[in-house]
Structures are given as structure tokens and as C-alpha cells.
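Report on one structure; see the data block that follows.
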Amino acid sequence: MNNTDIENNTKTENKRTGSGPARRVALYGLLIALAMGMSYVEALIPVPIPVPGVKLGLANVVTVAGLYLVGIPGTICVTILRIVLVGFSFGNPYSMLYGLSGAFLSLFVMALAKRFNWFSQIGISILGGVAHNVGQITFAAFVVRQPGLYYYLPVLLAAGSVAGIAIGILGGILVDRLENFVKKIS
């Protein structure tokens, strides 16, 4: 078999199985839709802690899973699109800015920890939750010019750690469910 035959067989196989760019777009769309749905559900759940900024972070299940399913660049794209779309759908420009400030630091820390295999998936999720809170509180302190906002940080770090454990577990379940699908499109 020569190279032309191999290329033709590959193209035929891609058409028959539906693998290739179309499946990758479908996967990214699935991840964005799942994250948006989780953001909506989270908006409906009251958090009984009277500290501003404490929330479950359900959409971050997709971020954690994305690191293992589509890699760092794909997860960055999914996360940015999710934050912007959720901001336009359920929030406002400020919610987008706060979300992006936490997400950038969180993604950076999680990507670094994953790349060097420093922690398990749950450990990476905890780091992400903590970094997200640090990024958001830093942005808020900068915007309102009040370093006193850092007094909230211990509560936010504790909440981020607890939420990170739950998000890491749920992210692992999502990875298990989608892993075979992702392998087929690679």
C-alpha cells in the first residue's frame, strides 16, 4: 500500500465513523453546553454562607475534565467561551471580568500542576479552586481599591478547597464517561 492508498483509506474511515474535525467541534460544543447548564443550575442553588464570592463552581467540573480530555489549549477555549456566554446569558460584564480573572489564574495553576504531574485530579481541582478565589479577590481589591477585601480570603480558601474536592471527583466521573468518545476523534 502506498501513501495515496493510506490517505484515501483514512478519509473513507473518517467519513464512515464521523471522526475528525466535526467530532472535535461536537465535543467542544458539548463541553461548553454542559458548563453553561451547570452554571445555570448553580445560579438556582442558594449558598448558605454569607460571604460574597462563595459558590460551588459547578461549571469548573468541565474545566477539570477538559484538562484531561482536550488538553490545555482546548480547555482555555472552552473556559473563555463559557464565561463570556454565561456572562451574557445570566450575568453582566462585571461577572465576566471577575470570572475571567479567577479563571486565568486557576487555569494557569491547574495546567502547571497537571503538566508536571504534581497532584492527582482532585488535588489539581483543589489548587484550581483556591487559585480562582485568589484571582477574583485580587481583581476585586484592585477594582474597588480596598486591600481590606483580603480579609475574606481565609473563608474563600476553605470554601475553594472543599468545592475543589467535590469538583475533582465529579470531573473524574465526567472524564470516565467521555474518555472513549474523545479517543475515537483523536
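Once you have the alpha carbon radius of gyration of region 86-186, what is it after dividing by 2.2 N^0.38 Å, with N set to its residue count? All intermediate terms of the calculation are to be shown ahead of the outcome.
On the way: Rg = 15.5 Å, N = 101, 2.2 N^0.38 = 12.7 Å.
After normalising by residue count via 2.2 N^0.38 Å, the value is 1.22.
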Please report, to two decimal places, log10 I(q)/I(0) for the chain at q = 0.12 Å⁻¹ as given by the Debye formula with identical point scatterers on the Cα atoms and no solvent. -0.60
Gain in length, Arg145 to Ser89, computed as 0.36 nm per residue apart minus the alpha-carbon separation, to one decimal in nm? 17.3 nm
Given the options Gly164, Gly129, Gly20, which has the most mean-square fluctuation in a GNM of the chain, springs set between C-alpha atoms less than 10 angstrom apart? Gly20
Taking the 0 to 90 degree range and rounding to the nearest ten, how far is the long axis of helix 93-115 tilted relative to the main principal axis of the chain, both from C-alpha atoms? 60 degrees
FRET efficiency, 1/(1 + (r/R0)^6) with R0 25 Å, evaluated for Ile165 and Val25 via beta carbons: 0.20
Tilt, helix 3-17 to longest principal axis of the chain (alpha-carbon atoms), in degrees rounded to tens, equals 60 degrees
One checks the Cα atoms of region 81-125 and finds Rg and Dmax, in Å, of 13.1, 36
Using only the alpha-carbon atoms, how far is helix 21-44 inclined from the longest principal axis of the chain? Give it as 0 to 90 degrees, nearest 10. 20 degrees
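All of the numbers you see were taken from the coordinates with simple rules; none came from a lab. Small disclaimer: the values here were computed from a predicted structure and weren't measured. So basically every Cβ, Gly included, is an ideal-geometry build from the backbone, and we count neighbours across all protein chains shown.
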